[in-house]
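Here the structure comes first, spelled out in structure tokens, and everything after it is commentary.
The values are calculated or read from the model by the stated rules, or taken from the named source; none is laboratory data. As the structure is a computational prediction, the values presented were derived from the model and not from experiment. Counting neighbours? That spans all protein chains shown, and the Cβs are built from the backbone with ideal geometry, glycine included. Remember, those area values only see protein heavy atoms, side chains included, never the ligands or the DNA or RNA. Shrake-Rupley method; radii C 1.70, N 1.55, O 1.52, S 1.80 Å.
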Number of protein chains: 2
Amino acid sequence: MRRTRFDDWPCPIARATDLIGDWWTPLVMRELFYGRRRFDEIAESLQVPRAVLTARLNRLVDEGMITKVAYQERPVRHEYRLTEKGLAFGDVLLAMWRWAADWQWPEGDGPTVGLKSKATGEYVDPVVVDEHTGERTTMRTVRLARARATAAEPTPTPTLRQAEVPSTTE
Amino acid sequence: MRRTRFDDWPCPIARATDLIGDWWTPLVMRELFYGRRRFDEIAESLQVPRAVLTARLNRLVDEGMITKVAYQERPVRHEYRLTEKGLAFGDVLLAMWRWAADWQWPEGDGPTVGLKSKATGEYVDPVVVDEHTGERTTMRTVRLARARATAAEPTPTPTLRQAEVPSTTE
DNA sequence: CGACTAAGTTCGTTCGTTGAACCCACCATC
DNA sequence: GATGGTGGGTTCAACGAACGAACTTAGTCG
């Protein structure tokens, strides 16, 4: 009677939920985006139980979101780095950020942290648009359809090649 | 020793995680976007344990994402409808959709369902951009900053006024 | 009367999370 | 060579949450 798994459902939302639904996982990803790479660093910053952090990091490695890299020998010490797949997940975090910043604070209030563009220094407010037209896209403006022919599928090559992960903080 | 709550953390990602991290919740939201409004309809479609569905729907009502509306008396029967806040959550589902469609299928493969624009009938591929500049926005292109002055905060009025919820299906 | 429907509730079993304590390899210091 | 520190975990008991099946309630239909 273990928790129902969604990772082989035909719907992308279900498969994403299977990952995100692991309590703590989006926050662990956030920490990695903030540039924290070490076990103890993340454990202390989030105050997550260490056994849970072990389980989450192992799953993220299995999923190909992060890789475990030894940064020294004797004694062996590891750190965790985001892969391309893990970096791509940042879009989901940005959407979560925007929605919660808009709706999860009392009226007239908001979070004390915000997002600024590294390039321009201006505040950034993420929204979802269609990649081709640039038009605002919501669940109201779309409908379900058969997928396009598989050849046109723009799936990025799911290599685990190491990505540059500059810190999000200043 | 209950599950750690994130709903009063100062980070929007944490607050969103508190909701999403409830197993089944994003799928329940998906069903509502698909136009399913009745308890049994959702329970059968998702094969979710009924006690869990009860708990999730109650929480979503408490959060102001949905409202419970009687659609008949004698006997009283209810349905659940998305509020503005619930509709706004669609952006998170779209981001999850895009990420999982790109990364959670074996190489060269993809989901059998896709998204089309209701307006143009063309396939839609959601991406995250900055609302002001239209520039592609990722966790790599932003950095953390102090929030802008609260007056500029573009928080929508969190009314629970009923929203039109046309079915996403054809 | 009995069958059916929508929307739940109840319950015993199993799974997952929590927090605190413990472990181990190695290094530095006294 | 005992002591303490550090990084990266593992172990364990307690308890809350999820599972699936059965049951309930209020009303309609034939």
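Give the nm distances, rounded to one decimal, from residue B:59 to the matching residue in every other copy, measuring between label points 7 Å along Cα toward the beta carbon; shortest first.
1.5
Ignoring any ligand, DNA or RNA, what whole percent of the accessible area of the range B:12-152 comes from carbon and sulfur when the probe is 1.4 angstrom?
46
Based on Cβ point charges of +1 for Lys and Arg and -1 for Asp and Glu, what charge dipole magnitude is obtained for chain A about its Cα centre, in debye rounded to the nearest 20?
Once rounded to the nearest 20, the dipole reads 580 debye.
Provide B:6, A:39 ordered by accessible surface of protein heavy atoms (probe 1.4 Å), highest first.
Ranking B:6, A:39 by accessible area, largest first, yields A:39, B:6.
Distances from residue B:2 to the same position in the other copies: list them in nm, one decimal, shortest first, using label points 7 Å from Cα along Cα→Cβ.
Label-point separations across copies, in nm and ascending: 2.7.
In whole Hz, with x marking every Gly and Pro, tabulate ³J(HN,Hα) for the range B:115-124 from phi via Karplus 6.51 cos²θ - 1.76 cosθ + 1.60, θ = phi - 60°.
10, 10, 5, 5, 6, 9, x, 7, 5, 10
Sequence gap at least 6, Cα distance under 8 Å: using those rules, report the relative contact order of chain B to the nearest whole percent.
Value for chain B: 22 percent.
So which helices of chain B fit the span-like rule, where a helix is a whole DSSP H run, its Cα atoms reach 15 Å or more along the axis, and its mean Kyte-Doolittle is at least -1.0?
Span-like helices, by this rule, are B:50-63, B:90-103.
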